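Remarks on the structure that follows.
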Amino acid sequence: MAGLDQLDNPDVELDVLYDLNGLAERLPGGAESVLVFVGQRGIPAALALLLITAWALLRRRPDAAQAVAGVLWAGLAAGIAHLVNVPIRGFVARPRPVDTYPDLHVLVEGNDGHSFVSDHAGAAMAIAVALFLVHRALGLAVFGLAVLQGFVRVMLGVHYPTDVIGGFALGAAVALLLAPLAMAALTPLVALCARTRGLGWIARRPAADGCPSTPRGQQTPERGLAA
């Protein structure tokens, strides 16, 4: 398909692109470096940390198997969104903004390939939606990071705003549409792992009375024995 660059980008999209990119251009050198790090590595690292945090928080819930499966699905959904985007990028074949508008101030070099849709935005939104299904607060936190990721990608000059919006839509669709199938497969797998000696740490259901469960093979002292 002869790309979205042939769609005569609406003035509003170009205005947003140039306005956000202009903000980056006016930053001092040190701040530019921080922006590049945040857009390229910082937010993805924060997303990974939030996934680990979610697992640590949810692994001892009464529904630990399902909750941990939801966290696993969040990570897998990000990867699947990336894979689904490969044929989409090739089909749409939209050039990077700088290829069409060389006067943009591009802060990141080496972003070759097509522009639509944004992998960073898609992966972030997939994680946000999948996590929201099992933990609303963490899901909203990741949603905020996803929005920030989208803004920064446009500020860096490597994506159009519609690339980011398309990435959000793709990530949300993958996380929602495939969630029933993914959870049906992952939940029993996590429950099975949790019952094994070597992988029990993955998801461990607490005892009903809040006390640690009795180790396997250890007898509980009998009550009421005569003195």
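The values are calculated or read from the model by the stated rules, or taken from the named source; none is laboratory data. None of the values given here were measured: they were computed from a predicted structure. Don't worry about glycine lacking a Cβ; one is built from the backbone with ideal geometry, like all the others, and counts go over all protein chains shown.
Can you spot a residue in the range 94-102 that is surrounded by fewer than 23 Cβ atoms within 10 Å (Cβ to Cβ), touching a Phe, Trp or Tyr at 6+ places or on another chain (Cβ under 9 Å), within 30 Å of Asp19 (Cβ to Cβ) and not charged (D, E, K, R)?
Yes, some residue in the range 94-102 is surrounded by fewer than 23 Cβ atoms within 10 Å (Cβ to Cβ), touching a Phe, Trp or Tyr at 6+ places or on another chain (Cβ under 9 Å), within 30 Å of Asp19 (Cβ to Cβ) and not charged (D, E, K, R).
Scan (1) in contact with a His (Cβ under 9 Å, 6 or more places away or on another chain); (2) within 22 Å of Thr162 (Cβ to Cβ); (3) modelled with pLDDT of 85 or more; (4) outside any loop (DSSP other than H, G, I, E, B) for the single condition Gly70 breaks and write down its number.
(2)
Would you check if there is a residue in the range 132-147 being under 17 Å from Arg89 (Cβ atoms) and either in contact with a His (Cβ under 8 Å, 6 or more places away or on another chain) or surrounded by fewer than 21 Cβ atoms within 10 Å (Cβ to Cβ) (or both)?
No, there is no match, as no residue in the range 132-147 is under 17 Å from Arg89 (Cβ atoms) and either in contact with a His (Cβ under 8 Å, 6 or more places away or on another chain) or surrounded by fewer than 21 Cβ atoms within 10 Å (Cβ to Cβ) (or both).
Answer yes or no: is there a residue in the range 50-61 that is of a type in the set (A, V, I, L, M, F, W, C), farther than 29 Å from Pro188 by Cα and more than 15 Å from the chain's Cα centre (by Cα). Walk me through how you get there before you give the answer.
First, pick out the residues of the range 50-61 that are of a type in the set (A, V, I, L, M, F, W, C): 50-52, 54-58.
Next, from what is left, pick out any that are farther than 29 Å from Pro188 by Cα: none.
Scanning the range 50-61 turns up no residue that is of a type in the set (A, V, I, L, M, F, W, C), farther than 29 Å from Pro188 by Cα and more than 15 Å from the chain's Cα centre (by Cα).
Can you tell me which residue within the range 35-52, out of those that are without any contact (Cβ under 8 Å) to a residue 24 or more places away in the chain and under 15 Å from Glu109 (Cα atoms), is surrounded by the fewest Cβ atoms within 10 Å (Cβ to Cβ)?
Arg41
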